[in-house]
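Here the structure is laid out as structure tokens; the discussion comes afterwards.
The values are calculated or read from the model by the stated rules, or taken from the named source; none is laboratory data. Model, not experiment: these values are computed from the prediction. Counting neighbours? That spans all protein chains shown, and the Cβs are built from the backbone with ideal geometry, glycine included.
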Amino acid sequence: MKRFLAFLPACSLVSLLFVGVSCERTSVEDSAGRKLTLKKPVDQTLTRGKTNDVRVEVDRKNLQDPVTLEIDQLPKGVHVVNTDVKIPRDSESITVTLHADPTADIVSNHRVTVTAKASPDLQATEVFQVSVKE
């Protein structure tokens with residue numbers, strides 16, 4: 001058993017020990033030692049005509065600039081309300097508001113991408129699911 005556990009990534013080992021622990025994150029690092037990690041946002045269920053707040057979190061190392069977020073592949077009729085989706089240099093998260101129009105498509109587990117960009121070389125992408133109900 002010890003040999004088997006030695007070959008598992010730390011995240012998998014934690015998941016084995018604690019059911020329900022999630023390790024969904026993407027990290028990128030450049031040759032200058034700058035590192036950006038994007039954590040997967042929580043899946044969302046929106047009601048037509050309503051909004052949901054989505055917390056997007058990053059960890060950074062040796063990064064002083066704001067981190068720009070792009071949210072793509074939203075279901076038809078769902079859009080980002082925020083006009084500026086940047087995580088400021090002195091913060092590790094931002095709340096992004098999604099709005100489902102009254103005529104938004106009804107969907108279940110629609111895959112949406114969020115990309116955090118600290119520079120052209122440091123981009124991390126995660127996928128979360130958005131459902132829209134009546």
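Among the residues of the range 21-51, those that are in contact with a His (Cβ under 9 Å, 6 or more places away or on another chain) and either at negative phi or surrounded by 15 or more Cβ atoms within 10 Å (Cβ to Cβ) (or both) comprise L46, K50, T51. Looking at V107, V81, just one residue is exposed (fewer than 14 other Cβ atoms within 10 Å of the Cβ), out of contact with any Asp or Glu (no Cβ under 9 Å at 6 or more places or on another chain) and among the aliphatic types (A, V, I, L, M), and that residue is V81. Hey, any hits in the range 107-130 for a residue that's part of a strand (DSSP E or B), charged (D, E, K, R), without any contact (Cβ under 8 Å) to a residue 40 or more places away in the chain and touching a Ser or Thr at 6+ places or on another chain (Cβ under 7 Å)? Scanning the range 107-130 turns up no residue that is part of a strand (DSSP E or B), charged (D, E, K, R), without any contact (Cβ under 8 Å) to a residue 40 or more places away in the chain and touching a Ser or Thr at 6+ places or on another chain (Cβ under 7 Å). Suppose the filter is part of a loop (DSSP other than H, G, I, E, B) and either modelled with pLDDT of 95 or more or farther than 17 Å from T26 by Cα (or both); does A104 pass it? So A104 passes the test. In this structure, does T83 turn out to be modelled with pLDDT under 95 and assigned to a loop (DSSP other than H, G, I, E, B)? When the stated conditions are applied, T83 passes them.
A single member of A100, A118 is surrounded by 13 or more Cβ atoms within 10 Å (Cβ to Cβ), of a type in the set (G, A, S) and more than 26 Å from S131 (Cα to Cα), and it is A118. None of V78, V67 is β-branched (V, I, T), within 24 Å of T45 (Cβ to Cβ) and in contact (Cβ under 8 Å) with a residue 24 or more places away in the chain except V78. Against the conditions (1) out of contact with any Gly (no Cβ under 9 Å at 6 or more places or on another chain); (2) touching a residue at least 12 places away in the same chain (Cβ under 8 Å), T103 satisfies every one except (1).
Within the range 93-112, being over 16 Å from D53 (Cα atoms) and within 17 Å of the chain's Cα centre (by Cα) holds for N109, H110, R111. Here the condition is being of a type outside the set (G, A, S) and in contact with a Lys or Arg (Cβ under 6 Å, 6 or more places away or on another chain); of N52, N62, it holds for N62 alone.
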